[in-house]
Structure formats: C-alpha cells, structure tokens
Amino acid sequence: MAYWQDATIVEGLAALAERAPERTALVWAGEETSYGDLLARSRRLASALDGMGVGEGETVAVWLRNRPAWVEAQLACSHLGAAVVAVNTRYRTHELEYLLEDAGAAVLLTESTFLGTDYLEVAASLVPELRAAEDRSALSSEAFPALESVVAVDGADDYPGVVDYDTALSRADATDAPAPSTAADAPACVFYTSGTTSDPKGCPQTNRSLLEHSYKVGEHF
C-alpha cells in the first residue's frame, strides 16, 4: 500500500502494522512502541471515545506535548470518523475557552502540566464541574454543553470529574469499537490560526491531505 489517496490515517497505519507489526513505531521517554501495539492501543482508545459519545463528525481537542497519546488520539479519531483539534501548548485560559466553544469539542484530552502551565487547573477553571463531579464518565458542563468528557494522561486524581487515560484504555475493548470509517475526505485534524488579525479560525485537514505527505514512508517501508 504505497499510495494512500483513498485511505484514512488509521488504514495507513494498519497497512504498515500488517507488514511489520514488531517494527518500532514510536520512541518516547526511553520506551518503544511497535506498529502492532500502536494499532491495538488506538483501537482501544477508539472504543473508549465511542463510549464517551465521540462519533463521525465530532471533534476531540488534544492539549498535549508530543507524546504517544497524541498519536493514539489521532488514529482513534480517524477510526471513528472524528477529527482531532490541535490545541497550542502555550494556550492560556481565554484561548482554550474560545477553542472549546468554537470547535464544539466532545472530549478534551490533556495532561497535568507543561511549559509551566497547570493544564488541569486551567480546564477546571473553565469547567468547575471537574472538581465536583461524582461520576467521571458523565460530565455535564454548563459552559460547554458539547463537552462530554475531560481525559488526562496523568494527574486526574485531584479532579473527580476527569477521566484517567490509562484507566479508560484498560476498560475498553478494541472489538467493541464501531467499524472503521473509510471516508478519506473526512476531516482528520483541525489547526487554528494565530488570530493576529481577527478571531482564530479552524482550518481542517482531511485524512487524504495528511496521508499525501506521508505516502513515501509506506513506499520504502
């Protein structure tokens, strides 16, 4: 599968995983993840996100540094026909507030802190329900009615309404995820402009447009 014009991102990865499942796909913090394991984790995450109400046409805001969960989220959203909204790691409260509302994100995936900013504290200042929710799987935000869940890679213990990432994956079954989306023209990722001349605007990129920049990886794999 050297050319992926009619494939989704997750289909491109699945093709590589089928050819060399044990080959290293990611290296982070001294740990390696194979293509086979990356595909399996992304499918479990797709199942977990499906249970949180993420489906075709929905958006998932990802406020993370470059780490495996970012890649897994992109693949899981591609599986579901949803789009990742890339959140600038230097955003502050008012910028995150605008993005969550404008993008209508169903899920916010984040981590505890980065670049000196307490991401979970910022999220809780916008969604106070995160401090008091009794059920992590049933968030109801007055300010962001589209927001179904906030998921954190770490640091969720102090916020009763935040879902722990690893716990969500451990409870998910890859076989429970819906059939993979095959819409290559579906938005896969949304990047926001800087907003220097007006409000930031979301610029969607399709599965096809992203894979067209990557097909040579598969060609020489």
Qualifying positions in region 103-132 - assigned to a helix (DSSP H, G or I), over 12 Å from Val150 (Cα atoms) and modelled with pLDDT under 95: Ala132
Being without any contact (Cβ under 8 Å) to a residue 60 or more places away in the chain, open to solvent by 40 Å² or more (accessible area, probe 1.4 Å) and within 30 Å of Asp6 (Cβ to Cβ) is true for just one of Ala179, Ala132. Which residue is that? Ala179
What residue, of Leu16, Leu39, Leu45, is surrounded by 15 or more Cβ atoms within 10 Å (Cβ to Cβ), free of Cβ contacts under 8 Å to residues at least 40 places away in the same chain and either out of contact with any Ser or Thr (no Cβ under 8 Å at 6 or more places or on another chain) or not in a loop (DSSP other than H, G, I, E, B) (or both)? Leu39
Step by step: first the residues of region 182-194, then only those that are assigned to a loop (DSSP other than H, G, I, E, B) and either β-branched (Val, Ile, Thr) or open to solvent by 90 Å² or more (accessible area, probe 1.4 Å) (or both), then the one that is farthest from Gly55 (Cα to Cα). Which residue is that? Ser194
Which residue is modelled with the highest pLDDT, if the candidates are limited to region 19-28 and must be open to solvent by less than 80 Å² (accessible area, probe 1.4 Å) and farther than 21 Å from Ser47 by Cβ? Thr24
Would a scan of region 102-111 turn up a residue that is open to solvent by 20 Å² or more (accessible area, probe 1.4 Å) and more than 20 Å from Cys203 (Cβ to Cβ)? no
From (1) in contact with a strand residue (DSSP E or B) (Cβ under 7 Å, 6 or more places away or on another chain); (2) under 27 Å from Val150 (Cα atoms); (3) part of a loop (DSSP other than H, G, I, E, B), pick out the condition that doesn't hold for Pro21. (2)
Which members of region 195-207 meet the condition of being assigned to a loop (DSSP other than H, G, I, E, B) and either buried (at least 16 other Cβ atoms within 10 Å of the Cβ) or under 15 Å from the mean Cα position of the chain (by Cα) (or both)? Pro200
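So that you can scan it fast, the table gives a plain yes or no per residue for (1) in a loop (DSSP other than H, G, I, E, B); (2) closer than 20 Å to Thr167 by Cα:
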{"site": "Leu49", "(1), (2)": "no, yes"}
{"site": "Glu56", "(1), (2)": "yes, no"}
{"site": "Gln74", "(1), (2)": "no, yes"}
{"site": "His94", "(1), (2)": "no, no"}
{"site": "Glu97", "(1), (2)": "no, no"}
{"site": "Glu101", "(1), (2)": "no, no"}
Residue check: is Val151 out of contact with any Asp or Glu (no Cβ under 6 Å at 6 or more places or on another chain) and outside any helix (DSSP H, G or I)? yes
Applying the selection to region 187-208, what residues are small (Gly, Ala, Ser) and over 19 Å from Glu58 (Cα atoms)? Ser194, Gly195, Ser198
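Does any residue of region 143-152 turn out to be of a type in the set (Gly, Ala, Ser), within 15 Å of the chain's Cα centre (by Cα), open to solvent by 10 Å² or more (accessible area, probe 1.4 Å) and at pLDDT 95 or above?
Initially, region 143-152 is screened for residues of a type in the set (Gly, Ala, Ser), giving 143, 146, 149, 152.
When the remaining residues are screened for being within 15 Å of the chain's Cα centre (by Cα), the result is 149, 152.
Of the ones still in play, those that are also open to solvent by 10 Å² or more (accessible area, probe 1.4 Å) are none.
No.
The values are calculated or read from the model by the stated rules, or taken from the named source; none is laboratory data. Treat the numbers as computed from the prediction; the structure is a model and nothing was measured. Ideal geometry is used to build each Cβ from the backbone, glycine not excepted, and the neighbour counts take in all protein chains shown. These area figures cover heavy atoms from the full protein model, side chains too; ligands, DNA and RNA do not enter into them. Shrake-Rupley method; radii C 1.70, N 1.55, O 1.52, S 1.80 Å.
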